[in-house]
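Reading through the structure tokens given below for one structure.
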């Protein structure tokens, strides 16, 4: 099957990193793309991360995977000589797709787990010394993009601007942070459509401010504000392999509900 690149970028993805598969009759069979990132915070031992996404008919998957892995090899020649990992995001119920990656040498054991915990307090904790507790400025597209850039430094799967725009319309949307001298120390994103539960989409703390309870205090602050508005529960998706995330959610009373997605991966270098 012919595999080609797009002629122009697609949703911020360079054309050379986006592949399209067509049948011999030029009927579209699917597509795949790569998003590289450096994740020194999440994966210090393998900081160079290549997220791949394949959306294709089963008959086209192998060719697309081959094209993506070949592109990874090309990209590494122009990136720092760091140990790398290639990974995908597979929903927990997509067992056929998970088997495809496993059959092609990917380790399927890493996962994203769903936790939940009750929101019992309406008392907003005091901000850390020297910090201001405030909403994240999101009035312009530029501010929204800068917020996403900060969040995505600490994520495996990037949050897109389209996703943020949708969440900003939800009744229980919050983007909050602690700031010192106008610079973010910690920020989070919460969203929800119903009072039964809100979703803790993302929280991060800058490396120099960690191990001081700042992430927990910020998350508790968001929970208190939600509780004041009648929300009863917080739901969060946590990387099972990232111990600080698991520790934070459990310190808030979180209980594991289910596996949401698998992250099949292969290591390079």
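Summary of computed values
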item: Verdict on residue 127 being free of Cβ contacts under 8 Å to residues at least 60 places away in the same chain and outside the structural domain of residue 41 (by TED's automatic domain parsing); result: no
item: Boolean, residue 121 is at pLDDT below 95 and loosely packed, with under 14 Cβ neighbours inside 10 Å; result: yes
item: Any chance residue 14 is surrounded by 13 or more Cβ atoms within 10 Å (Cβ to Cβ), more than 30 Å from residue 247 (Cβ to Cβ) and out of contact with any helix residue (DSSP H, G or I) (no Cβ under 8 Å at 6 or more places or on another chain); result: yes
item: Odd one out for residue 65, checked against (1) touching a strand residue (DSSP E or B) at 6+ places or on another chain (Cβ under 8 Å); (2) surrounded by fewer than 20 Cβ atoms within 10 Å (Cβ to Cβ); (3) touching a residue at least 24 places away in the same chain (Cβ under 8 Å); (4) not in a loop (DSSP other than H, G, I, E, B); result: (2)
item: Qualifying residue in segment 17-37 (condition: within 17 Å of the chain's Cα centre (by Cα) and touching a residue at least 60 places away in the same chain (Cβ under 8 Å)); result: yes
item: Extreme residue, surrounded by the fewest Cβ atoms within 10 Å (Cβ to Cβ), among residues of segment 91-108 that are in contact (Cβ under 8 Å) with a residue 12 or more places away in the chain and part of a loop (DSSP other than H, G, I, E, B); result: 105
item: Residues of segment 225-241 that turn out to be buried (at least 20 other Cβ atoms within 10 Å of the Cβ) and more than 19 Å from the chain's Cα centre (by Cα), as a count; result: 3
item: Residue 244, sole failed condition from (1) crowded, with 22+ Cβ neighbours inside 10 Å; (2) part of a helix (DSSP H, G or I); result: (1)
item: Tally, over segment 155-168, of residues that are over 8 Å from the mean Cα position of the chain (by Cα) and assigned to a loop (DSSP other than H, G, I, E, B); result: 2
item: Residues located in segment 188-220, provided they are closer than 17 Å to residue 152 by Cα and part of a helix (DSSP H, G or I); result: 207, 215
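The values are calculated or read from the model by the stated rules, or taken from the named source; none is laboratory data. As the structure is a computational prediction, the values presented were derived from the model and not from experiment. Heads up, the Cβs are rebuilt from the backbone with ideal geometry, glycines too, and the neighbour counts pull from every protein chain shown.
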